[in-house]
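Let me begin by presenting the structure, written as structure tokens, before commenting on it.
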Amino acid sequence: MHTIDLRSDTLTKPSAAMRKAMANAEVGDDVFGEDPTVNRLEEVAAEKTGKEAALFVSSGTMANLVSLLTHCSRGDEVILGDQAHIFFYEQGGCAALGGIHPRTVPNLPDGTLNLEDVEAAIRADNVHFPITRVIALENTHNRCLGTPLPPAYMDQVKALADKYALKIHVDGARIFNAAAALETDAANLLQHADSVSFCLSKGLGAPVGSLVCGRQDFIERARRNRKVVGGGMRQAGILAAAGLVALEENIHHLPTDHANALKLALGLAELSGIELDPSGVHTNIVFFKVNHPKLNAETLSAALGEAGVKALALGPDLLRAVTHYHITAQDIDQALIVFKKILQTA
Ligand code: TLP
């Protein structure tokens with residue numbers, strides 16, 4: 001039996017079409033603006049997100065950092081959720097490297113921020129306070145069950161941002177999952193975003209790369225910030241070629257990933273020893289708790305791994321499984337058999 005790796009959609013390996021496109025990519029020095037494949041990828045990314053321009057960067061973390069560096073000066077403040085990837089998983093890079101002060105408000109279970117909380121966190125013009133510059137959201141929200149943020153919520157955030165002249169950044173690492181789940185296009189979800197970062201190297205299956213998208217002048221300044229963090233790549237068209245295949249072909253697989261995640265959730269919810277509400281599963285991320293006399297997240301994950309199914313332990317009783325284009329409906333059936341056996345025999 002092959003390994004069914006559900007730890008993350010970052011584990012996807014490039015498809016045959018990607019490898020072929022990479023091998024044949026036309027390249028040049030992208031720091032000189034002369035890589036035609038990177039230029040093409042940036043055009044396609046801008047078009048798909050409904051923005052004027054885009055910038056190819058190495059990772060989602062770099063995309064978020066470069067975006068915040070471009071919105072903020074040292075000492076400025078970003079308001080974001082306490083479960084945000086930027087706050088939780090990026091080593092505090094915006095503070096460490098950019099001197100940007102993170103102000104968290106609690107994420108609600110659906111990944112949104114209560115707008116009264118956000119408004120209360122916006123600083124008054126006072127010499128004692130940092131200057132609030134940007135509200136950062138995450139769509140889909142990784143730690144909030146992969147939930148997509150709907151356009152109606154974005155309308156409300158925009159009204160608040162405009163009232164205080166704030167910018168909106170969206171960590172859209174999985175924005176195309178959100179678009180697929182909400183049956184709309186990414187540009188619609190992002191119409192109020194001043195900047196968005198999205199990843200090619202998650203559910204879209206490319207080996208490397210993320211994009212920052214926004215207005216032309218924003219992207220010109222972001223390009224300088226990419227260079228200062230060491231992100232100027234040279235013949236990066238080799239990587240961009242895979243990204244173009246991701247956006248042209250793999251993007252169509254996301255609804256299948258969502259169906260497989262739901263199938264997994266429905267199956268897991270039936271198992272004694274697992275706690276999970278399948279109605280909370282909207283995209284490709286499935287969080288569940290283990291509630292078993294002999295197993296915790298760590299030992300369940302280890303037993304699963306030995307049996308060829310990998311899931312990520314994220315807390316004493318919390319695990320995460322993520323579907324992606326290497327995972328088939330048959331894999332989900334097989335994974336559920338393995339889960340059941342382990343839970344019954346432990
Ligand atoms: N998320 C990874 C881990 O870091 C947790 C994963 O396996 O889900 N924004 C969001 C919403 C993300 O989920 C991630 C990666 C990033 C940004 C960072 O992307 P990379 O890993 O390319 O720096």
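The values are calculated or read from the model by the stated rules, or taken from the named source; none is laboratory data. Keep in mind it's a predicted model, so treat the numbers as computed, not measured. When we count neighbours, we look across all protein chains shown, and the Cβ atoms used for this are built from the backbone with ideal geometry, even at glycine. Just so you know, the surface numbers come from the protein's heavy atoms only, side chains and all, with ligands and any DNA or RNA stripped out. Shrake-Rupley method; radii C 1.70, N 1.55, O 1.52, S 1.80 Å.
Regarding A206, is this residue within 16 Å of the ligand (Cβ to nearest atom), of a type in the set (G, A, S) and open to solvent by 10 Å² or more (accessible area, probe 1.4 Å)?
The answer is no for A206.
Conditions: (1) of a type in the set (D, E, K, R); (2) open to solvent by 10 Å² or more (accessible area, probe 1.4 Å); (3) over 16 Å from the mean Cα position of the chain (by Cα); (4) farther than 15 Å from S195 by Cβ. R7 meets all but one. Number of the miss?
Against the list (1) of a type in the set (D, E, K, R); (2) open to solvent by 10 Å² or more (accessible area, probe 1.4 Å); (3) over 16 Å from the mean Cα position of the chain (by Cα); (4) farther than 15 Å from S195 by Cβ, R7 comes up short only on (3).
Can you give me the number of residues within the range 244-273 that are under 16 Å from Q330 (Cβ atoms) and touching a Ser or Thr at 6+ places or on another chain (Cβ under 6 Å)?
Of the residues in that region, 3 qualify.
Inspect the range 120-131 for any residue being open to solvent by 20 Å² or more (accessible area, probe 1.4 Å), outside the structural domain of T323 (by TED's automatic domain parsing) and on the phi > 0 side of the Ramachandran plot and give the result as yes or no.
Among the residues of the range 120-131, not one is open to solvent by 20 Å² or more (accessible area, probe 1.4 Å), outside the structural domain of T323 (by TED's automatic domain parsing) and on the phi > 0 side of the Ramachandran plot, which makes the answer no.
Evaluate the following for L145: is it away from the ligand (no atom under 16 Å from the Cβ), within 30 Å of H326 (Cα to Cα) and open to solvent by 50 Å² or more (accessible area, probe 1.4 Å)?
Judged against the criteria, L145 is not a match.
Go through the residues of the range 256-272 one by one and say whether even a single one is under 22 Å from the mean Cα position of the chain (by Cα), touching a residue at least 24 places away in the same chain (Cβ under 8 Å), open to solvent by less than 70 Å² (accessible area, probe 1.4 Å) and more than 18 Å from H326 (Cβ to Cβ).
no
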